[in-house]
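Structure, as structure tokens:
The values are calculated or read from the model by the stated rules, or taken from the named source; none is laboratory data. As the structure is a prediction and not an experimental result, all values here were calculated from the model. Cβ sites come from the backbone with ideal geometry, for glycine too, and all protein chains shown count toward neighbours.
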Amino acid sequence: MKRDDSLKLLSEVRDLQIVDCDGRNCGICDDVELDGAPGEPLFVRNLLVGPGTYRNRLPGWAAHLVRRVAGRSVVRVAWQAVEKISGRIFLSQSGASLGLRRIDDRLSKLFGRIPSA
């Protein structure tokens, strides 16, 4: 499926793994940001990735816990960066250039220093 094909946002985009042009996993699509005015067609503007998107999907106490543990960051990935969707979301750019993989890259540096990690 290509970016411009019609799709069911909740079942075909949200909660899918995101893979960048280098084949690296870059997180999960947590939500979708739409663009459009009342009475006009809606268009996907961005994919939203990160723990800051959970506040509307979780009960208040759980959202607070996630915020304390994982933070509030949200990365907006422009819809134009989506190359195709087929069980996963494939990007036409590197995750780093889009602001993805920051936590993963920091953790890999940390764990890379630990023997046998």
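Assorted remarks:
- Any chance residue 84 is at pLDDT 90 or above and surrounded by fewer than 17 Cβ atoms within 10 Å (Cβ to Cβ): yes
- Restricting region 38-79 to residues that are at pLDDT below 90 and of a type in the set (S, T, N, Q), the residue that is surrounded by the most Cβ atoms within 10 Å (Cβ to Cβ) is 53.
- Test: residue in region 3-19 that is exposed (fewer than 10 other Cβ atoms within 10 Å of the Cβ), closer than 25 Å to residue 94 by Cβ and either of a type in the set (A, V, I, L, M) or at pLDDT below 90 (or both): yes
- Checking each residue in region 42-52 for being within 15 Å of the chain's Cα centre (by Cα) and either part of a strand (DSSP E or B) or aromatic (Phe, Trp, Tyr) (or both) picks out 44, 45, 46, 47, 48, 49.
- Some residue of region 22-41 being in a strand (DSSP E or B) and polar (S, T, N, Q): yes
- Options 67, 76, 55, 72: the member that is assigned to a loop (DSSP other than H, G, I, E, B), in contact (Cβ under 8 Å) with a residue 12 or more places away in the chain, touching a Lys or Arg at 6+ places or on another chain (Cβ under 9 Å) and not polar (S, T, N, Q): 72
- Of all the numbered requirements in (1) of a type outside the set (D, E, K, R); (2) under 18 Å from residue 99 (Cβ atoms); (3) at pLDDT 90 or above, residue 23 misses one, and that requirement is (2).
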